[in-house]
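Colleague: Quick one: the structure is below, and I'll ask about it shortly.
No lab work stands behind these numbers, since they all come straight from the coordinates. Predicted, not measured: the structure shown is a model, and the values here were computed from it. When we count neighbours, we look across all protein chains shown, and the Cβ atoms used for this are built from the backbone with ideal geometry, even at glycine.
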Amino acid sequence: MRPSIFPGLAVCTLALTLSLPAQKGGVLVFKDGRWIQAPEIHVEKDAYRLVYPHGQVKVPTKLLLKAVLLDPTAQMKGLSSADKAKMEKGLVPYKGRWVSRSRLAFILAKEKKKLRAKMEEIRRHSQWRDRYKETTRHFAFEYTIPPEIARNYINFFEAYWKVFNKRWRIRQPPRLGKLKICIYNNQKDFLRIGNGDPGTLGYFRFVEPLEINFYHDRRDVQLTLSVLWHECNHYFMYLFVQKGVNNPSWLEEGLAEYFGGSKWDPKTRKMTPGLIQEGRLVALHDAMDGNEYQKLEPLMRQGSRISSIQYAWSWSLCHMLFSKKKYAKGFNRFIVKMAKDKTLKKEPWPGNPDFRWVKPDVQIALFKKCLKIKDLAALEKEWYAYIKKMKVKGVRGYYEAALDCVRWKRPIRAGLYFKKAMEIDPNYISTYEAYSRLLYRQDKYKEAREIAQKGIERDPINPTFYLVLARIEWEKGSKQKAERLCNLAMDLAPDDVDVRWQAQLILEK
Amino acid sequence: MRKKRSLGLSFLVPLALPLILAPRASAKVYVDKKVGFKISLPKDFQETPATRYLITRYCVGAFRHKKGIPTGEGDYYPLYMLCFLFPAHQEKTVTSSTTREKSDQGVDDLQDLKELVRRFFHRPYRNFDELAKDQIKGFYFGKENHTKINGWDVTIKEMHFEKDRRIKGLWLVALYNVHGDQFAVLMTAPENKFRKLKSQMLRTFRSFKVLNKKKGLYLKDVKPPVETVTEGSLTKDERKLPVEKRNKVILTKAERVLAKKIEDLPKGWTHMRTPHYLILSHVDQRFTKKIANQAEAIHHWLDKEFGDLSLNVVPPGVIRIYKDIKDLGDKADGWIVYRPGAILEITLLKQTESGDRKQAQWRVTREIIDKWFTYKNEDLWKRMPAWMTDGIVQYLSSAQLKGRRLVFKPDPEETTTLKEAFTMDKMARKKGMPANRIKPLKDLVKMTKRQTYQGGGFYARYFFFYQSGSFVRFLLDGPGKRMRKTKGILKKYIQALLKEIVEVEKKVKAEQEAERQRQAKMADMSEEERLKAEDEEYRRRRKRAVDALQKEMLEKVFKMTFGTLTDRDWEIIQKKWEKFAGK
């Protein structure tokens, strides 16, 4: 489990059902914000053992923020003889001290009441019709994520405003009002309620009423931040650029990606743009491997929407131009002129004739003038060399590289990248999910099982791993084991239609 | 004065009463004895195939308003009413999946339509909420109201559609608890007409009745709406027979299938046999004969123009004509997959939902072309370039039947689309922007299927389709027929294609064999060697475009057919065609 980047994270997210579990059960609250109920929970050394109708799951305490057990004394193991003697006297252990049973009953009743109220609050606000609403100076937030998580997103939107405003002055016209920002609890809600397109992580609606929609990915908060910086950048550009005028796509998306690769320090509330977007870098190195170079001038002249690989090229170009001292000031000047200079000749934008853009010839001439370059071809060479020098270092880069290899049917190379990703960040769960599935598809059942088990150690309530194990058991002929694992997966995620569906397909074979 | 007033009142009342009663008096009642319920349909609603909207086995009734409601923007918002049943105790359903399920990348991975439908059809939902969240996009649940209807606990919920929609929707769903099972009735509406439609929706909800209260409801065991047709198909051994013997077997089997279809005809149906088709009809003789003549005319043209493609026989086909969608009934739901060689049955509606009168003729033409070429030479049909397949389809679809003869001329869609394309290109050129809606003919004939979707924006495919149709027309009936450089070029092109296809098939087999050998070699290699081999293979694949094989083939065929044409020749052909097409 990745450590939370939010300090002081309290209880959060997904209430499962309204009713509290049975007397022997309880609720565990994870550090990443999930809650899980179990009908029976046993306390063990450094772990809690959850007992479900079809199996047991061990949850290390290091993954938890807190555990609320309805009967913490139930089936405790590992008691010393002195402890047993105290229990015989009518005392029970509770949070490091011994209390009487009647006192415990009183404390538990209070905790139960608080827990019920908290769960009801979370359950209610997890429905979009009862979403939280909050406004700040420039934004109007609507969200179903817990307020503690939302607080940090809210803080850095305003911080981002400050950063952008310092660079390029922007104004929020009263007519437009505050920008609505909708934050969803998970991807499914984003796709359904937010009407997001599959494959997208967020979007900026640039036709009035303006708004941004995205979802909180608890497993990759850095990615969530990257998405919201990207989308918010479009909004800032919308305010910055003349009305009815569009930036050329390479500039618009390149800048959004540049700011998307920022670093956020929640303690100092400081945002530092311009880090390496590793996923994009992987895509570029892959394209260069296949000799698929994007020429600079056609990219600048492209009026229609650009493809996802062209996002990567545009990002890398902006990254280079901001990073190199000899270009940074000139590039800044170019951006301002493109946005503000009304004398620049414009024409209808090919992507949507309701908008206009600076004529490509004029744009290129201005670009050369501002950056003081004579020859685009030379700049292009420099750009390719710059990209080749950049190295993938982080887990996300290797993870994306591995997925890319899977897509290109390069399982051996994919395996190497997955292993590297696990080395860099052993708690990046997505790596274990994808790698175990790859090994299973290659009929490498022993290795697949090992990886799935490692995944379970880090994310014991993730049904994906149990389904992988179920598939393996099925292939090996252990149908009963497979059935038990499928049912356990469904116990862990009773409301997840996909889990149920996958289990059905496995059991049907 | 008093007399007049009383006259006025007495005049009004008799009129008012029928007006108030009329809508309710005309409400149709839908009864499903198998599931065990009945419900009144709102005015002007009729049954419709359920699988058009949601693929699920839980749907027990689907209805649609005849027209929809005008949006005020020139189109109509469709009004649906869908009924679902979610049993409390669900038996395990068997998808009978045939795929090995080694890929868990979702249905996008599946080539097989059958599998696609089965997977969605059998997706397990415990209640309407789960189904809706899984299959319907863009909404959230709003206000809920708990009440009782005819003794059953009901929750009526709003469904709000807000984001990124041209017309916002506000739907209503009623969820009935019938002995633990959940029965759901979903009704759609645009938000701006919701108030007007709400009372009608609530009336429908209130009309729900369980036929046998004690017994409750029963979810019929419904198979996924995918049917595999095998009648008339050849066995593995039969496919290996020499062509003459194989043809005999095909025709014998076909006659048996046709005889059975006549035998199984329901009451009220007629049949008509033509040289190449068996027409099974539930409509008037005049329309039936029209379709029969159309089918024979198309078949005859294909035989005449392309009969020498191979010695393979095209077995007789079946055309079944229904009155309308209601007559089609259950068969409207779902998909049919044909085993290779199986006798194709073309289903037509005399009265389509859209009201397009020519739809039946257009559809029969397209199906016959596809069937004819598939039987005659499937490899050729698969590999035929897009300009030619689209060209032949448009050329024949636009033809009009005069008696038993086809008269070839462009239809309004072709002329207006091309006119639009010429105009838009002209405007683009003036602005110094790309003008690529109309392709240079020299490029058109080399375009792979993938390339036909590129350039020209959203309508690229339409421009390509109609330009291809017009070019084929130019070659068969227009100046292209008489020009020395293009006379008979279509036939020449096909001959070249036939030759090249043999080479392509060899290449494909060689590539597959090379891959097999590569995999076999890798088994004996060290990890490092295998990684190196994998990287090399990847780089080799990257260099080759996805449609590289098709590109190479088209280049070769182009050289063999048009190789003698100079750039000047192409300019002349282009100009003549543009004039012919109405530029």
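Colleague: Would you tell me the mean number of C-beta atoms belonging to other protein chains that fall within 10 Å of each C-beta in A:280-291, as a whole number?
Modeller: Numbers: counts 0, 0, 0, 0, 0, 0, 2, 1, 0, 4, 6, 3.
Rounded to a whole number, the mean comes out at 1.
Colleague: Can you grab the distance from the C-alpha centre of segment A:390-417 to the C-alpha centre of segment B:257-332, Å, no decimals?
Modeller: Rounded to whole Å, the Cα centres lie 55 Å apart.
Colleague: List every residue whose amide H lies under 5 Å from the amide H of residue A:245, counting only residues 5 or more places away in sequence or on a different chain, with H placed 1.01 Å from N in the peptide plane.
Modeller: A:356
Colleague: Which of the peptides B:83-89, B:561-567 is most tightly packed, and how do the rest follow, going by the mean number of other Cβ atoms within 10 Å of each residue?
Modeller: Values: B:83-89: 18.7, B:561-567: 13.0.
Descending packing order for the listed peptides: B:83-89, B:561-567.
Colleague: Roughly how crowded by other chains is peptide B:529-541, in terms of the mean Cβ count from those chains within 10 Å of each of its Cβ atoms?
Modeller: On the way: counts 0, 2, 5, 1, 1, 8, 5, 0, 3, 8, 3, 0, 4.
The shielding value for this peptide is 3.
Colleague: Can you show me the helix-derived [θ] at 222 nm for the protein assembly as shown, built from DSSP H runs with n ≥ 4 at -39,500 (n - 2.57) apiece and divided by the number of residues, rounded to the nearest 500. The partial results should precede the final answer.
Modeller: On the way: 37 runs with 528 residues, N = 1092.
The helix-only estimate for the protein assembly as shown comes to -15500 deg cm²/dmol at 222 nm.
Colleague: How big is the charge dipole of segment A:127-240 about its Cα centre, in debye rounded to the nearest 20, if each Lys and Arg gets +1 on its Cβ and each Asp and Glu gets -1 on its Cβ?
Modeller: On the way: 18 positive and 12 negative charges, 90 e Å.
Dipole size: approximately 440 debye.
Colleague: Is there a pair in A:162/A:388; A:62/A:263; B:509/B:543; B:499/B:575 whose C-alpha atoms are over 22 Å apart, and which pairs would that be?
Modeller: Details: A:162/A:388 33 Å; A:62/A:263 26 Å; B:509/B:543 20 Å; B:499/B:575 31 Å.
Correct reply: A:162/A:388; A:62/A:263; B:499/B:575.
Colleague: Mind checking the angle between helix A:308-323 and chain A's longest principal axis? C-alpha axes, 0 to 90 degrees, to the nearest 10.
Modeller: 70
Colleague: Going Cα to Cα from residue A:118, which lysines come in below 17 Å? Please leave out same-chain ones fewer than 8 positions away.
Modeller: Straight-line reach from residue A:118, under 17 Å: A:31, A:66, A:110.
Colleague: Cα centroid distance between segment A:102-161 and segment B:453-522, in Å?
Modeller: 61
Colleague: I've got another one for you. What's the long-distance tail for segment A:26-118, i.e. % of Cα pairs beyond 18 Å?
Modeller: Values: 2085 of 4278 pairs.
The share of Cα pairs beyond 18 Å in segment A:26-118 comes to 49 percent.
Colleague: Which whole number gives the average count of other chain Cβ atoms within 10 Å of the Cβ atoms across peptide A:191-198?
Modeller: Details: counts 3, 10, 10, 6, 8, 4, 2, 3.
Shielding by partners across A:191-198 averages 6.
Colleague: Right, here's the next one. For residue A:269 and residue A:135, what is the calculated FRET efficiency with R₀ set at 22 Å and r taken between the beta-carbons, to the nearest 0.05?
Modeller: Values: r = 19 Å, r/R0 = 0.85.
Approximately 0.70, to the nearest 0.05.
Colleague: Then there is this: By how many degrees, between 0 and 90 and to the nearest 10, does the Cα long axis of helix A:147-167 differ from the longest principal axis of chain A?
Modeller: Computed tilt is about 20 degrees.
Colleague: Still on this structure, please answer the following. 5 Å is the cut-off here: which amide hydrogens, built 1.01 Å from N in the peptide plane, fall below it relative to residue A:215, excluding neighbours closer than 5 in sequence?
Modeller: A:184
Colleague: Compute the helix-to-body angle for A:221-240: its Cα long axis versus the longest principal axis of chain A, expressed 0 to 90° and rounded to tens.
Modeller: 30
Colleague: Pairs to check: B:248/B:402; A:45/A:454; B:267/B:402. Give those whose C-alpha atoms are more than 30 Å from each other in this structure. Walk me through the numbers on the way to the answer.
Modeller: Working: B:248/B:402 34 Å; A:45/A:454 19 Å; B:267/B:402 32 Å.
Over 30 Å apart, Cα to Cα: B:248/B:402; B:267/B:402.
Colleague: Which of A:295/A:329; A:326/A:374; A:446/A:481; B:43/B:67 have a Cα-Cα distance over 18 Å?
Modeller: In this structure, A:295/A:329 lie more than 18 Å apart at Cα.
Colleague: Can you compute 3J(HN,Hα) from phi for each residue in segment B:121-128, using the Karplus curve 6.51 cos²θ - 1.76 cosθ + 1.60 with θ = phi - 60°, rounded to whole Hz and x for Gly and Pro?
Modeller: 4, 8, 4, x, 10, 8, 7, 5
Colleague: Between residue A:498 and residue A:127, how high is the FRET efficiency from 1/(1 + (r/R0)^6) when r is the Cβ-Cβ distance and R₀ = 22 Å? Nearest 0.05.
Modeller: Details: r = 20 Å, r/R0 = 0.93.
It comes out at approximately 0.60.
Colleague: Something else now. Along the positive direction of the dipole of the protein assembly as shown (beta-carbon charges: Lys, Arg +1; Asp, Glu -1; about the Cα centre), which of A:176, A:254, A:308 reaches farthest?
Modeller: The residue sitting most towards the positive pole is A:176.
Colleague: Another question, then. Among the trypsin sites (Lys or Arg not before Pro) in segment A:136-238, which ones are in a DSSP loop with at most 12 other Cβ atoms within 10 Å of the Cβ? Mind listing them?
Modeller: On the way: sites: A:137, A:151, A:162, A:166, A:167, A:169, A:171, A:175, A:178, A:180, A:188, A:192, A:205, A:218, A:219; in loops: A:137, A:169, A:171, A:175, A:178, A:218, A:219.
Listed in order of number, the matching sites are A:137, A:169, A:171, A:175.
Colleague: Starting with the highest mean, order B:249-256, B:517-524 by the number of other Cβ atoms within 10 Å, averaged over the residues of each peptide. Don't jump to the answer; show the numbers that get you there.
Modeller: Numbers: B:249-256: 16.8, B:517-524: 10.6.
So the order, starting with the most tightly packed, is B:249-256, B:517-524.
Colleague: Let's test the formula: R0 of 60 Å, r as the Cβ-Cβ distance of residue B:428 and residue A:61. What FRET efficiency results, to the nearest 0.05?
Modeller: On the way: r = 67 Å, r/R0 = 1.11.
Rounded to the nearest 0.05, the efficiency is 0.35.
Colleague: Restricting to segment A:167-308, compute how many DSSP beta bridges are antiparallel as a %, nearest 5. Let's see the in-between values first.
Modeller: Details: 7 of 12 bridges.
Around 60 percent antiparallel, to the nearest 5.
Colleague: Can you compute 3J(HN,Hα) from phi for each residue in segment A:342-353, using the Karplus curve 6.51 cos²θ - 1.76 cosθ + 1.60 with θ = phi - 60°, rounded to whole Hz and x for Gly and Pro?
Modeller: 7, 7, 5, 5, 10, 8, x, 6, x, x, 6, x
Colleague: Once amide H atoms are built 1.01 Å from N in the peptide plane, which residues 5 or more positions from residue B:88, or in another chain, come under 5 Å H to H?
Modeller: B:181, B:182
Colleague: Rg and Dmax of segment B:226-383, using alpha carbons, in Å: what are they?
Modeller: According to the Cα coordinates of segment B:226-383, Rg and Dmax are 15.7, 47 Å.
Colleague: Further, regarding this structure: Express the relative contact order of chain A as a whole percentage, based on alpha carbon pairs under 8 Å and six or more residues apart in sequence. Show your work: numbers first, answer last.
Modeller: Values: 764 pairs, mean separation 52.5, N = 509.
Over chain A, the number comes to 10 percent.
Colleague: Using alpha carbon centroids, what distance separates segment B:144-204 and segment B:58-90, in Å?
Modeller: 11
Colleague: Can you list the HN-Hα couplings for segment A:481-492, worked out from phi with the Karplus curve (6.51, -1.76, 1.60; θ = phi - 60°), rounded to whole Hz and with x for Gly and Pro?
Modeller: 4, 4, 5, 4, 5, 4, 5, 5, 4, 6, 4, 6
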